[in-house]
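Participant: The following block contains the structure, expressed as structure tokens.
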């Protein structure tokens, strides 16, 4: 996305001119949907600033920028090495509290840039300009002050704004970064917020389509299931409302830290248990890694919810992206099929960048339409035998890659750089799905989960399997 001259936008008066301008911008990698009130607001703001100095007509802004995957939008942004200027546009009178909340939220997102932030809102119907002070107060401001802030901001960024808003600055896992989670230093995507709203709405009553108080949500690795579940637990508990998190995966040290510091939430290691623990002292029951619990425990939990009226919220995996024959018949399938559970689905991959997500999808199903033009964060190696494999593996580990064996599923940790092996037992069926001849091991599923633990870089060693290597190489060279 590139900057554009908002003063030039305000000169567009006829719809035919606007359509022509949008076509021109489309050729320059813009795609804008500009409403009439936005043009009117920009016109009024620019007219005010032009009275302060004609040079405003030469300055560019990022207009209507949205942070990828988060869905957070800013009306106007200017960024240089020292300062960020954010201007929000309103067409009519809005309560000061709402303006302040928006600017405070914007400041939270922009704080990751580690620059001084100037936050303004312009209400065109009142010709009113307000500013958020450093202390968080909303004050009426002069247009001369905004003009000075803009004109002294030199050397501004003009392109590639996405590079300033790295996903890892906003999207965390409570298990790998418990300190940031406990401080509330994270954000939910618009999809997570929407599911959260529906779940909270359904907590106080039995939903019409279900006799129990059980709700659940699923999604592929990297869609933010654990963050959403723990965020719900934090929001719903208080000094008088307590919750338990039944965690059916591994119980890492980070979870122990959460258990010790969050007195109103108990984290209970539940992997392999055959019966529910005593739940009488809790107002809410949260289930993490719900696909790993035994079916009889799921049944007991649904009965308990129905009899006591206590709310249960389950996070679980349902891996539709993997060939059905390569998926185990775990409790995730049972949760997904149970009509007594109200279910939601997270679809946006947020934990890793789009490049890695796309490449992993291509590995799982090579005939799909999910290819990107380039994969600079992916390395592909070929080994003729185990000796060559060991040499390549040693080289990658020395370069900072973490080796994950496809039978190493004991932890849900994430790593910056991951390397995995695909041996001669892997291949593709006629539908393009990845299969494995080592029956009963579900190695495709394990490979899928291991690859999804990479955050920034991925390396794959293909051993003695030219057919699979050729497929993956064709993906990398598809551009």
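Participant: Give the range 258-273 a look and list any residue that's within 21 Å of residue 290 (Cα to Cα) and in a helix (DSSP H, G or I), or say none.
Facilitator: Those that are within 21 Å of residue 290 (Cα to Cα) and in a helix (DSSP H, G or I): 258, 259.
Participant: If you don't mind, there's one more thing I want to ask. Which residues, counting only those in the range 163-206, are within 30 Å of residue 306 (Cα to Cα), outside any loop (DSSP other than H, G, I, E, B) and touching a helix residue (DSSP H, G or I) at 6+ places or on another chain (Cβ under 8 Å)?
Facilitator: 192, 195, 196, 199, 200
Participant: Against the definition (touching a residue at least 60 places away in the same chain (Cβ under 8 Å), surrounded by fewer than 20 Cβ atoms within 10 Å (Cβ to Cβ) and under 22 Å from residue 355 (Cβ atoms)), how does residue 417 come out, yes or no?
Facilitator: No.
Participant: Same structure again: May I ask you to say which residue of 195, 172 is farther than 21 Å from residue 62 by Cβ, modelled with pLDDT under 85 and not assigned by TED's automatic domain parsing to the domain that holds residue 76?
Facilitator: Selected residue: 172, the only one of 195, 172 that is farther than 21 Å from residue 62 by Cβ, modelled with pLDDT under 85 and not assigned by TED's automatic domain parsing to the domain that holds residue 76.
Participant: List, please: which pairs have Cβ atoms under 6 Å, are six or more places apart or on different chains, and start with a residue in the range 149-166 that is within 13 Å of residue 110 (Cβ to Cβ) and end with one that is at pLDDT below 85 and assigned to a loop (DSSP other than H, G, I, E, B)?
Facilitator: 161/1
Participant: Kindly indicate whether residue 241 is more than 25 Å from the chain's Cα centre (by Cα), assigned to a loop (DSSP other than H, G, I, E, B) and over 15 Å from residue 226 (Cα atoms).
Facilitator: yes
Participant: Please identify the pairs in which a residue from the range 295-313 that is at positive phi has its Cβ atom under 7 Å from the Cβ atom of a residue that is assigned to a loop (DSSP other than H, G, I, E, B), counting only partners at least 6 apart or on another chain.
Facilitator: Filtered contacts from the range 295-313: 309/213.
Participant: Could I ask something else about it? Just one of the numbered conditions (1) over 17 Å from residue 213 (Cβ atoms); (2) surrounded by fewer than 21 Cβ atoms within 10 Å (Cβ to Cβ) is not true of residue 308; which one?
Facilitator: (1)
Participant: So, one more: Output yes when any residue across the range 358-372 is at pLDDT 80 or above and farther than 30 Å from residue 419 by Cα, and no when none is.
Facilitator: no
Participant: Applying the selection to the range 269-281, what residues are at negative phi and surrounded by fewer than 21 Cβ atoms within 10 Å (Cβ to Cβ)?
Facilitator: 269, 271, 273, 274, 275, 276, 277, 278, 279, 280, 281
Participant: Going through the range 43-67 one residue at a time, which ones are surrounded by fewer than 16 Cβ atoms within 10 Å (Cβ to Cβ) and within 30 Å of residue 192 (Cα to Cα)?
Facilitator: 66
The values are calculated or read from the model by the stated rules, or taken from the named source; none is laboratory data. A quick note: this is a predicted structure, and the numbers were derived from the prediction, not measured. Quick reminder, even Gly has a Cβ in these numbers, built from the backbone with ideal geometry, and neighbours come from all protein chains shown.
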